[in-house]
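Chemist: The structure is given below, and queries will be raised subsequently.
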């Protein structure tokens, strides 16, 4: 029984890690692609739960952009760490 539980946990972990860089399946992807050069940055999903999704876009060790998507409201905000005003702040 322990081996089955361990195998299940390991497979869930691998599935979660394999989707880390594939943003194209996310509802907000087209706006992200239009707003920033997604291919230039390394995306890391900070939060992805029933309520929201937060993605950080790294340039080396520095966070260059942050996106916050509120799922129920379909509201997306894209923030540059260099600018004060959001680059995008609207409902999809």
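Chemist: Please enumerate the residues belonging to the stretch 50-64 that are surrounded by 17 or more Cβ atoms within 10 Å (Cβ to Cβ), touching a helix residue (DSSP H, G or I) at 6+ places or on another chain (Cβ under 8 Å) and more than 14 Å from residue 27 (Cα to Cα).
Modeler: Scanning the stretch 50-64 gives a single hit, 57.
Chemist: Can you tell me how many residues in the stretch 47-84 are in contact (Cβ under 8 Å) with a residue 12 or more places away in the chain and either in a strand (DSSP E or B) or closer than 13 Å to residue 23 by Cβ (or both)? Break it down stepwise before answering.
Modeler: Start the filter on the stretch 47-84 by keeping residues that are in contact (Cβ under 8 Å) with a residue 12 or more places away in the chain, which leaves 50-59, 62-82.
Keeping just the survivors that are either in a strand (DSSP E or B) or closer than 13 Å to residue 23 by Cβ (or both) gives 52-59, 62-70, 75-80.
Counting residues in the stretch 47-84 that are in contact (Cβ under 8 Å) with a residue 12 or more places away in the chain and either in a strand (DSSP E or B) or closer than 13 Å to residue 23 by Cβ (or both) gives 23.
Chemist: Anything in the stretch 33-46 that is in a loop (DSSP other than H, G, I, E, B) and in contact with a strand residue (DSSP E or B) (Cβ under 9 Å, 6 or more places away or on another chain)? List them, or say none.
Modeler: The initial filter retains those residues of the stretch 33-46 that are in a loop (DSSP other than H, G, I, E, B), namely 36-37, 41.
Hits for the stretch 33-46 are 36, 41.
Read-outs: derived from the displayed coordinates by stated rules, not from any lab. Just so it is clear, the structure is predicted and the values come from calculations on it, not from any experiment. FYI the Cβ positions are ideal-geometry reconstructions off the backbone, even for glycines, and counts take in every protein chain you see.
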